[in-house]
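Report on the following structure.
What follows draws every value from the coordinates through simple rules; no lab data is involved. Predicted model only: the values in this text are computed from it and were never measured. Cβ sites come from the backbone with ideal geometry, for glycine too, and all protein chains shown count toward neighbours.
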Amino acid sequence: MRKAVRIAGLGLLLALVAWQFVQSPRNTGVAEGPSSIVAIHPVPTEVHRILTRACYDCHSNSTKYPWYAAVQPVGWWLNRHVTDGRTELNLSEFAAYSPKRAMRKLNNVAEEVQDGHMPLKSYLLLHGEAKLTDADIALLAGWAEDLAAEIKAR
Ligand code: HEC
C-alpha cells in the first residue's frame, strides 16, 4: 500500500516536471494599435491610467505576465482568464465593434466595476495596484456611460 502511494506520488511529481516544458500560450501583442479604444475615442488621462493598470492584462492584446506565469499549471490557469476576458471585451480591438456592441460593452464596463465584479478577485490578490477606489469606479463608470450615450446619439 505504502509503495503504491509512493509510486503515485512520484508519478504526479514527474507529470508536474514534464508539464513545465509545455508552457501556456502568451498574449504579447500591441495594446494600443490603430484599432484600440484610445485610437478612436477620447479617453481622459485618469481613465486611461485606470484601464492600463486594472484592465489591460485581460482585456487588451498585451498582458504583462508575472514570473509565476512560467510555472505550470498556473500559466495555463492565467491564460484562461486572459482568453476569456479578451473574448468578452478587447479594448485593443474596440474599433471592430459595431456601435450597438460598443455601447453594450461600455455599459457593461460601468456595471461590472460598480458591482465590484471587475477586476477579478483572484487577480486583485496578487495585483494590489489594480484595486479601484470608489473615486476610480465613479470616474471609469461615468466615462463609459457618457461614451455609450454619445455613440447612441450619433
Ligand atoms: C484577471 C483578468 C481580468 C481583469 C484584470 C479584468 N477582467 Fe474583465 N473579465 C475577465 C473575464 C475572464 C471575463 C469573462 C468572464 C466573466 O464575466 O467573469 C471578464 C468580463 C468582463 C466584462 C463583461 C463583458 C460582457 O460584455 O459581458 C466587462 C465589461 C469587463 N470584464 C470589464 C473589466 C474592466 C473594466 C476591468 C478593469 C477595471 C476588468 N474587466 C479587469 C477578466 C478580467
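Note on the chain: GNM, Cα springs under 10 Å; of Thr133, Thr87, Thr28, the largest mean-square fluctuation is that of Thr133. Here the contact order of the chain, divided by its residue count and restricted to Cα pairs under 8 Å and six or more residues apart, works out to 27 percent.
With kT/(6 pi eta Rh) evaluated at 4 °C and eta = 1.567 mPa s, and Rh the Kirkwood radius from Cα pairs, the chain diffuses with a coefficient of 75 µm²/s according to Stokes-Einstein. Here the extension length gained between Leu13 and Ala135 equals 39.2 nm, from 0.36 nm per residue of separation less the Cα-Cα distance. Among the trypsin sites (Lys or Arg not before Pro) in region 33-99, those located in a DSSP loop and surrounded by at most 16 other Cβ atoms within 10 Å of their own Cβ are Lys64. Net length available on complete extension from Thr45 to Ala153 is 36.5 nm, with 0.36 nm assigned per residue and the Cα-Cα distance removed.
Helix-only arithmetic for the chain: the sum of -39500 (n - 2.57) across DSSP H runs with n ≥ 4, divided by the residue total, places the mean residue ellipticity at 222 nm at -18500 deg cm²/dmol. Evaluated with a Cβ-only charge set (Lys, Arg +1; Asp, Glu -1), region 7-154 carries a dipole of roughly 400 debye about its Cα centre, given to the nearest 20. In this structure, the amide hydrogen of Asn61, modeled 1.01 Å from its nitrogen in the peptide plane, lies closer than 5 angstrom to those of Ser92, counting only residues at least 5 positions away or on a different chain. Each residue of region 9-17 is assigned a 3J(HN,Hα), and the resulting list reads x, 5, x, 5, 4, 4, 5, 5, 5 Hz, derived from the Karplus form 6.51 cos²θ - 1.76 cosθ + 1.60 (θ = phi - 60°), x at Gly and Pro. Listed values for region 96-112 are Karplus-derived 3J(HN,Hα) couplings in whole Hz (6.51 cos²θ - 1.76 cosθ + 1.60, θ = phi - 60°), namely 7, 7, 5, x, 5, 5, 4, 4, 4, 5, 5, 5, 5, 4, 4, 5, 4, and x replaces Gly and Pro.
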